[in-house]
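**Student:** Handing you this structure, nothing more for now.
The values are calculated or read from the model by the stated rules, or taken from the named source; none is laboratory data. Predicted model, so just to flag it, every value in this text is computed and none were measured. Here the Cβ positions follow ideal geometry from the backbone for every residue, glycine too, while neighbour counts run over all protein chains shown. Quick note on the areas: whole protein, heavy atoms, side chains included, nothing else; ligands and nucleic acids left out. Shrake-Rupley method; radii C 1.70, N 1.55, O 1.52, S 1.80 Å.
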Amino acid sequence: SAVISQKPSRDICQRGTSLTIQCQVDSQVTMMFWYRQQPGQSLTLIATANQGSEATYESGFVIDKFPISRPNLTFSTLTVSNMSPEDSSIYLCSVESRVGTYEQYFGPGTRLTVT
Amino acid sequence: GENVEQHPSTLSVQEGDSAVIKCTYSDSASNYFPWYKQELGKRPQLIIDIRSNVGEKKDQRIAVTLNKTAKHFSLHITETQPEDSAVYFCAALWGTGNQFYFGTGTSLTVIP
């Protein structure tokens, strides 16, 4: 499977600020996704990061709050904007490493704490 | 959209016993069902998956069964070991964009 890295691994931020999380894959992948995992909870899909076009957001998530970039087939960023304590979560990217298999593999996650 | 329910939320078994986790889904069009294991502080790891054209799949001590008519699928772990202790998530593929909807998770504890 693809090797996936994320930066930063963790951060503590003040409310009202923004944080950009990077996801890097060691091979070209078509499908990349961003998830949120709140403490002790399951994974919730935020959006699909589309290369060359705007991300596709799930219900309850909007571009102004979670802008996403996907400049090429190996890299994506997720920005958490105007943060509040409710945004404290683990943010994970995932990729479908082999086209058409549906198999998704996750990055190590970014643990965000908003104070 | 898809709705995935997972039971139980917690499960304790003695080492060597079997563990079974069940999930139900709502979208009859779903055709791919993975299971993830997440150890504390780590990323979810894909451990097994099943597609809608088969009813059962095994990989050593782990098996998954799928009943498309009833819209449920189950994870079976036999001869459990302490290192099986983790949170397990089921998921169902939904929609045209390969989106996953995850179950709420099962915290499995294997007691030595």
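**Student:** At 1.4 Å probe size, what's the solvent-accessible area of B:LYS22? Round to the nearest 10 Å².
**Tutor:** That residue has around 120 Å² of solvent-accessible surface.
**Student:** Can I ask one more? Label segment B:64-105 by shape, choosing from rounded, prolate and oblate, from the square roots a ≥ b ≥ c of the eigenvalues of the Cα gyration tensor; if a/c is under 1.5 it is rounded, and otherwise prolate applies when a/b is larger than b/c, oblate when it is not.
**Tutor:** Details: a/c = 3.33, a/b = 1.64, b/c = 2.03.
It comes out oblate by the Cα gyration axes.
**Student:** Among B:VAL54, B:THR96, B:THR24, pick out the residue whose Cα is farthest towards the positive end of the charge dipole of chain B, where Lys and Arg carry +1 and Asp and Glu carry -1 on C-beta, about the Cα centre.
**Tutor:** Looking along the dipole axis, the top candidate is B:THR96.
**Student:** So, one more: Nothing charged except the Cβ atoms of Lys and Arg (+1) and of Asp and Glu (-1): what's the magnitude of the dipole of segment A:37-115 about its Cα centre? Round to the nearest 20 debye. Working shown, then result.
**Tutor:** Details: 4 positive and 7 negative charges, 37 e Å.
For this selection, approximately 180 debye.
**Student:** Turning to a different aspect of this structure: Compute a Gaussian network model of chain A, connecting alpha carbons closer than 10 Å, and tell me which residue from A:VAL99, A:VAL25, A:VAL62 fluctuates the most.
**Tutor:** The residue with the greatest mean-square fluctuation here is A:VAL99.
**Student:** Run the dipole for chain B about the Cα centre, Lys and Arg Cβ at +1, Asp and Glu Cβ at -1, nothing else charged, and hand back the magnitude in debye, nearest 20.
**Tutor:** Here the size comes out at about 280 debye.
**Student:** On full extension of the chain, what length is gained from B:LYS68 through B:SER52, given 0.36 nm per residue of separation minus the C-alpha to C-alpha distance?
**Tutor:** Numbers: separation 16, 0.36 × 16 = 5.76 nm, distance 0.71 nm.
Residue separation times 0.36 nm, minus the Cα-Cα distance, leaves 5.0 nm.
**Student:** Size of the dipole of the protein assembly as shown about the Cα centre, Lys and Arg at +1 and Asp and Glu at -1 on the beta carbon, nothing else charged, in debye to 20? Provide the component values of the computation, followed by the final result.
**Tutor:** Values: 18 positive and 21 negative charges, 49 e Å.
It comes to approximately 240 debye.
**Student:** What ranking of B:TRP35, B:TRP94 comes out by heavy-atom accessible area, probe 1.4 Å, highest first?
**Tutor:** B:TRP94, B:TRP35
**Student:** Continuing with this model, one more query. For B:ASN31 and B:THR109, compute 0.36 nm times the residue count separating them, minus their Cα-Cα distance, and round to one decimal in nm.
**Tutor:** Details: separation 78, 0.36 × 78 = 28.08 nm, distance 2.97 nm.
Separation in residues times 0.36 nm, less the Cα-Cα distance, equals 25.1 nm.
**Student:** Given the pairs A:LYS65/B:LYS71; A:LYS7/B:LYS37; B:LYS37/B:LYS68; B:LYS42/B:LYS68; A:LYS7/B:LYS71, which are separated by over 28 angstrom at their Cα positions?
**Tutor:** Over 28 Å Cα-Cα: A:LYS65/B:LYS71; B:LYS42/B:LYS68; A:LYS7/B:LYS71.
**Student:** Further question on the same structure: Distance between Cα centroids, segment B:43-112 to segment A:71-115: provide it in whole Å.
**Tutor:** Result: 22 Å between the Cα centres.
**Student:** Here's a follow-up. Suppose we keep just the DSSP beta bridges with both residues in chain A; what percent of those would be antiparallel, to 5?
**Tutor:** That works out to approximately 90 percent antiparallel.
**Student:** Under the rule a/c < 1.5 gives rounded, and otherwise a/b versus b/c splits prolate from oblate, where does the protein assembly as shown land using the Cα gyration tensor?
**Tutor:** Numbers: a/c = 1.90, a/b = 1.46, b/c = 1.30.
Verdict is prolate for the protein assembly as shown.
**Student:** Considering only B:THR24, B:THR80, B:THR96, give the residue with the highest GNM mean-square fluctuation for chain B, with springs between Cα atoms whenever their separation is below 10 Å.
**Tutor:** Judging by the Gaussian network model, the answer is B:THR96.
**Student:** Between B:ASP59 and A:ILE12, what is the FRET efficiency for a Förster distance of 45 Å, r being their Cβ-Cβ separation, to the nearest 0.05?
**Tutor:** Values: r = 40 Å, r/R0 = 0.88.
According to the calculation, E is roughly 0.70.
**Student:** Karplus couplings for segment A:82-96 from phi (6.51 cos²θ - 1.76 cosθ + 1.60, θ = phi - 60°), rounded to Hz, Gly and Pro as x?
**Tutor:** 6, 5, 10, x, 5, 7, 5, 6, 9, 10, 10, 9, 9, 9, 8
**Student:** For the protein assembly as shown, which cysteines have no second Cys with its Cβ under 4.7 Å from theirs?
**Tutor:** A:CYS13
**Student:** Mind checking which of A:SER97, A:SER88, A:SER53 has the largest fluctuation in a GNM of chain A, springs on alpha carbons under 10 Å?
**Tutor:** Its mean-square fluctuation being the largest, the pick is A:SER53.
**Student:** Take every DSSP beta bridge whose two residues both sit in chain B, then give the antiparallel share in percent to the nearest 5. Walk me through the intermediate numbers first.
**Tutor:** On the way: 37 of 42 bridges.
Bridges in chain B that DSSP calls antiparallel: roughly 90 percent.
**Student:** Could you order A:ASP26, A:ASP64, B:ASP27 by accessible surface area, starting with the largest, using a probe radius of 1.4 Å?
**Tutor:** Numbers: A:ASP26 100, A:ASP64 130, B:ASP27 40 Å².
Listed by decreasing accessible area, they come as A:ASP64, A:ASP26, B:ASP27.
**Student:** How much accessible surface area, in Å² rounded to 10, belongs to the heavy atoms of A:GLU58 with a 1.4 Å probe?
**Tutor:** 20
**Student:** Please compute the average number of Cβ atoms from other chains found within 10 Å of each residue's Cβ in peptide B:98-107.
**Tutor:** Mean number of neighbouring Cβ atoms from other chains: 5.
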